[in-house]
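S.K.: Before anything else, here's the structure in question.
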Amino acid sequence: MTSFAYLAPTFHTIKAIKAHRVAKLSFFIRCDGNVTFLTDVERFNFKSAPHFDIYMCGFEPDLFMEIHFAEFEILGQKHVEGAVDKRKAEFLAGRICAKSSLQSLGVYENVGRSVNRSPIWPEGIVGSISHTSNLAMAITLPSETVNYVGIDCEVMIEEHRARELSSSILVDSELMDSLTSPLPFPEFFTLCFSAKESLFKALHPTVGKFFGFEAARLVSLTPETGEFCLVLNEDLNDVYQKGTCFDGHYHNKNGVISTMVVG
């Protein structure tokens, strides 16, 4: 999982569980005929956004080997040089999903990396990558069709941990809404957390500065359709000002909450 604005390492301790499988693609690797590092790369869509394809894969960090970078023809190994294998596996799996997504658009360039660790997409592309400890996903879209996109996936945060973190993630109105929400508190909290992560990833390339969890609030949620809306609590730039609304989409399967903000 990528922490919000890359400033919350505590959240890297959250453990992932295996996500469901849908729409399998013919992309698979085996090492010497043994158990694979990576599962199939698969495509899924949010119920409320069926026209946006997200590419997803499961991976096993304990089976990661350096040679996988070459086998998948993924550049950028230098960006995680010196990191532990777990971090290298997360980075590689995310880039593999991004590569599959880009190739679906007919783009065969690699994804770069900026000094703040965010992806640098090929010209004419907007995109987003997310991962937990054994699940990665990515989306890429032509910049002529959308202005921004951000995705995030999180394992459901346990209730005691969610309540400990609630005052630093949720604003007062969200804390009040959690009392009457149809969702259990752990799901409501994780959804808010993930939605704000997605919003940051969507806007940061344009805004170009850090903004925290308090910068936006969840104002509506429709569990039946998997839709939500975030509103900015402060001005981020001349375009994204206080009161700006952002529609989002979410999915909860097997305890993994995925969110997307696109527009």
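The values are calculated or read from the model by the stated rules, or taken from the named source; none is laboratory data. It should be emphasised that the depicted structure is a prediction, and the values quoted were computed from it without experimental measurement. Neighbour counts are summed over all protein chains in view; Cβ atoms, including those assigned to glycine, are modelled from backbone coordinates with ideal geometry. The protein model used for the area step is the full one, side chains on, heavy atoms only, and it has no ligands, DNA or RNA in it. Shrake-Rupley method; radii C 1.70, N 1.55, O 1.52, S 1.80 Å.
S.K.: Summing -39500 (n - 2.57) over the DSSP H runs of n ≥ 4 in the chain and dividing by its residue number, what mean residue ellipticity at 222 nm do you reach, to the nearest 500 deg cm²/dmol?
M.R.: Numbers: 5 runs with 68 residues, N = 263.
It lands at -8500 deg cm²/dmol.
S.K.: Probe of 1.4 angstrom, ligands and nucleic acids ignored: what's the accessible area per residue over the chain, in square angstrom?
M.R.: Working: 12090 Å² over 263 residues.
About 46 Å² of surface per residue is accessible.
S.K.: Report the relative contact order of region 194-263, percent, no decimals, based on alpha-carbon pairs under 8 angstrom and at least 6 residues apart. Mind dumping the intermediate values first?
M.R.: Details: 108 pairs, mean separation 20.0, N = 70.
So the answer I get is 29 percent.
S.K.: List the residues whose amide H sits under 5 Å from the amide H of PHE37, counting only those 5 or more places along or on another chain, with H placed 1.01 Å from N in the peptide plane.
M.R.: Result for PHE37 returns CYS31.
S.K.: Continuing with the same structure: Assuming a viscosity of 1.002 mPa s and a temperature of 20 °C, what translational diffusion coefficient in µm² per second does Stokes-Einstein assign to region 127-251, Rh being the Kirkwood radius over Cα pairs?
M.R.: Using the Kirkwood radius from Cα pairs, D works out to 142 µm²/s.
S.K.: If we sort 239-245, 189-195 on the protection proxy, mean other Cβ atoms within 10 Å, highest first, what's the order?
M.R.: Working: 239-245: 12.9, 189-195: 26.7.
Top to bottom by mean Cβ count within 10 Å: 189-195, 239-245.
S.K.: Turning to a different aspect of this structure: Loop only by DSSP, 14 or fewer other Cβ within 10 Å of the Cβ. Give me the GluC sites (Glu not before Pro) in region 212-260 that pass, ordered by residue number.
M.R.: Numbers: sites: GLU214, GLU224, GLU227, GLU234; in loops: GLU224, GLU234.
Hits after loop and neighbour filter: GLU224, GLU234.
S.K.: On to the next question. Please count, across the chain, the pairs of lysine residues with Cα atoms under 14 Å apart that sit 8 or more places apart or on different chains. Mind dumping the intermediate values first?
M.R.: Numbers: LYS15/LYS86; LYS18/LYS253; LYS47/LYS253; LYS78/LYS88; LYS201/LYS209.
For the chain, qualifying lysine pairs total 5.
S.K.: Also: Normalized C-alpha radius of gyration of region 63-178, against 2.2 N^0.38 Å? Don't skip to the end; give the middle numbers.
M.R.: On the way: Rg = 17.0 Å, N = 116, 2.2 N^0.38 = 13.4 Å.
That works out to 1.27 for region 63-178.
S.K.: Amide H neighbours of ARG113 under 5 Å, counting only residues 5+ apart in sequence or on other chains, H built in-plane at 1.01 Å?
M.R.: Sorted by chain and number, the residues that satisfy this are ILE120.
S.K.: Here is a further query. So if we plug the beta-carbon distance of LEU63 and VAL115 into 1/(1 + (r/R0)^6) with R0 = 30 Å, what FRET efficiency do we get, rounded to 0.05?
M.R.: On the way: r = 31 Å, r/R0 = 1.02.
That gives a FRET efficiency of 0.45.
S.K.: Could you tally the net charge around PHE193, taking each other residue with its Cβ under 9 Å from the Cβ of PHE193, Lys/Arg +1 and Asp/Glu -1?
M.R.: On the way: positive: LYS196; negative: ASP152, GLU154, GLU197.
So the environment of PHE193 carries a net charge of -2.
S.K.: How much of the accessible area of region 119-260, in percent, comes from carbon and sulfur atoms when a 1.4 Å probe is used? Please report the intermediate quantities before stating the final value.
M.R.: On the way: 2820 of 5780 Å².
Carbon-and-sulfur percentage of accessible area, whole number: 49.
S.K.: Per residue, how much space in cubic angstrom lies within the convex hull of the C-alpha atoms of the chain? Don't skip to the answer; put the middle values down first.
M.R.: Numbers: hull volume 32.6 nm³, N = 263.
Normalising the Cα hull of the chain by residue number yields 124 Å³.
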